[in-house]
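Written out below as structure tokens is the structure these notes cover.
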Amino acid sequence: MSDKIPLIAVNRVSEKAKKTLDLVKKFVDEQCIPADPIYEAQIGEGAQRWDHYPSVIDDLKKEAKRLGLWNMFLPKGHYKESAGFTNLEYGLMAEHLGKSRVAPEAVNCAAPDTGNMEVFAKYGTEEQKRKWLDPLMNGEIRSAFLMTEPDVASSDATNIKMSMKREGDEWVLNGQKWWSSGAGDPRCKIYIVMAKSDPGNKDVYKQQSVVLVPADTPGITIERMLSVYGYDDAPHGHGHVTFKNVRVPASNIVLGPGRGFEIIQGRLGPGRIHHAMRAIGAAERALEWMLMRINDPKKTPFGKQLKEHGVILEWVAKSRIEIDAARLIVLNAAIKIDDLGAKRALKEIAEAKVLVPQMALTVIDRAVQSFGAAGICQDTPLASMWANIRTLRLADGPDEVHLQQMGRNENKRGAEVTALIQQQQKTSEQLFAKYGVTRHQPGSTIRSRL
Ligand SMILES: Cc1cc2nc3c(=O)[nH]c(=O)nc-3n(C[C@H](O)[C@H](O)[C@H](O)COP(=O)(O)OP(=O)(O)OC[C@H]3O[C@@H](n4cnc5c(N)ncnc54)[C@H](O)[C@@H]3O)c2cc1C
């Protein structure tokens, strides 16, 4: 894999990262992808899907630790807990991890724990870090991030309304959350919750706080688990959770009252790049399956193998172009985060967040089509990959929100480019006068000949 790093990025990748990248590829190809169906089989059926987790993951974690593949996501230079890689270097690794369902968790780089660990590392007190960050970094527990609510349009987080009131030395929470990813896992021990603590604050961006709520706190009920196109994503899952007079110590607040927005913005930047790179890995895997299918000698519609039908090769070529182009967008965003920080890379992060899932869905869909009906059932990984990637157009904010912000920012150049174009037109008029010619009008000679 390290010999395939795009030229634009190769000089920024350390020797240590190149070696790790090769190890990640080997680990994913040889151990994780073959373990994916074992994981699914070990989850079992019915209610038991939520009362245990597949043991194969523990063996993979041991092997990953032995290989030194652990916590590669925390960027170097920012966290003392970092494994020593840049966002760019980890981005290249995340592409491989995205090819397998179990791989991200096997190397302790799975969402939402990665973003949650960043919250603890960046904003947590020493006590919060020892209690929650250490076991998360060791892969002993899992976590969830609870922001979205069923009753409000949560893509605009100022709407979040779960109440959070101070009573003596405690915070008391009431309300409901849904799409709480990871809440189904019996190892999920801590929720990072965004709630409204200061509804009277005139600044709508200072009304919310983030608070740490242990998953076993009395008053919390997981009402149901939500499905994604029919997949339950057990044992991780997406919970609909209610809070009734849930009490936590006042010291469980992160950073301080009214600072929720600061935290969620800090949490989401690099995580979007991780999702994007994993989605590129999924697209690469879909292309690999498509190549296998179109070379299958047993399948010869209309007397030819699929690879001999021109349109199919065009799908292959287009997929190659689109994956390679999308990868450059993501790596560019990763480089900008490394050099200037996530805040100054918002445009590049949004470009990747919007473009990559759409690209990956197109590629996966072509692969599905090449398989015929087999492509939409459990006999290939394509159907579940499509469902999984489709969620990325909603999770961490729907496409439209990012596009609106990007469109607004791009449009700020409106007056400047108008002035430039008008100046260019004026200069052309002066040049017409200087050279004694008039603007060429196509068709005027034809009319005069008639
Ligand atoms: C698989 C999955 C996992 C998730 N995991 C988590 C999690 O762990 N924790 C968590 O808190 N949340 C999670 N979410 C929730 C996700 O972040 C929200 O669904 C998302 O932010 C959108 O919020 P909403 O569903 O309330 O949609 P709404 O805010 O109601 O928006 C609905 C639609 O309105 C449109 N829209 C919104 N704003 C604009 C605009 N400005 N211009 C034009 N159109 C617009 C968009 O098309 C959008 O899809 C997850 C979602 C999914 C699907």
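Can you find even one residue in segment 78-98 that is of a type in the set (F, W, Y), in a loop (DSSP other than H, G, I, E, B) and over 24 Å from D58 (Cα atoms)? Checked against the condition, which is being of a type in the set (F, W, Y), in a loop (DSSP other than H, G, I, E, B) and over 24 Å from D58 (Cα atoms), segment 78-98 yields at least one hit. A Cβ distance below 6 Å, combined with a sequence gap of six or more or placement on separate chains, defines the contacts here; from segment 200-217, residues that are in the same structural domain as S163 (by TED's automatic domain parsing) and free of Cβ contacts under 8 Å to residues at least 40 places away in the same chain reach no residue that is buried (at least 23 other Cβ atoms within 10 Å of the Cβ) and part of a loop (DSSP other than H, G, I, E, B).
Would you check if P75 is modelled with pLDDT under 95 and either buried (at least 18 other Cβ atoms within 10 Å of the Cβ) or within 17 Å of the chain's Cα centre (by Cα) (or both)? Give the steps one after another, and end with the answer.
Numbers: modelled with pLDDT under 95: yes; either buried (at least 18 other Cβ atoms within 10 Å of the Cβ) or within 17 Å of the chain's Cα centre (by Cα) (or both): yes.
Judged against the criteria, P75 is a match.
The residues in segment 133-146 that are in contact with a Pro (Cβ under 8 Å, 6 or more places away or on another chain) and near the ligand (Cβ under 9 Å from one of its atoms) can be counted, and the count is 2.
Do we have L60 as in a helix (DSSP H, G or I) and either loosely packed, with under 15 Cβ neighbours inside 10 Å or hydrophobic (A, V, I, L, M, F, W, C) (or both) here? When the stated conditions are applied, L60 passes them.
The combined condition, being of a type in the set (S, T, N, Q), in contact with a Lys or Arg (Cβ under 9 Å, 6 or more places away or on another chain) and within 22 Å of G77 (Cα to Cα), is fulfilled by N116. Entry remark, segment 79-104: residues being out of contact with any helix residue (DSSP H, G or I) (no Cβ under 6 Å at 6 or more places or on another chain) and either polar (S, T, N, Q) or crowded, with 24+ Cβ neighbours inside 10 Å (or both) number 2 in total. Which of (1) farther than 30 Å from V102 by Cβ; (2) within 20 Å of the chain's Cα centre (by Cα); (3) hydrophobic (A, V, I, L, M, F, W, C) is the odd one out, the single condition A325 does not satisfy? Just one mismatch for A325, condition (1).
May I ask you to verify whether I337 is in a helix (DSSP H, G or I), buried (at least 22 other Cβ atoms within 10 Å of the Cβ), under 25 Å from the mean Cα position of the chain (by Cα) and within 16 Å of the ligand (Cβ to nearest atom)?
Considered against the rule, which asks whether it is in a helix (DSSP H, G or I), buried (at least 22 other Cβ atoms within 10 Å of the Cβ), under 25 Å from the mean Cα position of the chain (by Cα) and within 16 Å of the ligand (Cβ to nearest atom), I337 comes out as no.
Here the condition is being touching a residue at least 40 places away in the same chain (Cβ under 8 Å), over 30 Å from G77 (Cα atoms), surrounded by 21 or more Cβ atoms within 10 Å (Cβ to Cβ) and within 14 Å of the ligand (Cβ to nearest atom); of I389, I364, it holds for I389 alone.
Of all the residues that make up segment 217-266, how many are of a type outside the set (A, V, I, L, M, F, W, C), closer than 22 Å to T391 by Cα, outside any loop (DSSP other than H, G, I, E, B) and within 23 Å of the chain's Cα centre (by Cα)? Final tally of qualifying residues: 6.
Looking at segment 147-216, the strands (runs of 3 or more DSSP E) lying wholly inside it that each contain 3 or more residues that are more than 18 Å from F120 (Cβ to Cβ) and within 9 Å of the ligand (Cβ to nearest atom) sit at 170-181. Cβ-Cβ distances below 7 Å connect the following pairs, each with a first residue in segment 167-180 that is in the same structural domain as I192 (by TED's automatic domain parsing), a second residue that is of a type in the set (S, T, N, Q) and within 12 Å of the ligand (Cβ to nearest atom), and a separation of six or more residues or different chains: K177/T148; W178/T148; W179/T148.
The values are calculated or read from the model by the stated rules, or taken from the named source; none is laboratory data. Because the structure is a prediction, the values reported are computed rather than measured. As a convention, Cβ positions derive from the backbone with ideal geometry for all residues, glycine included, and neighbour counts pool all protein chains shown.
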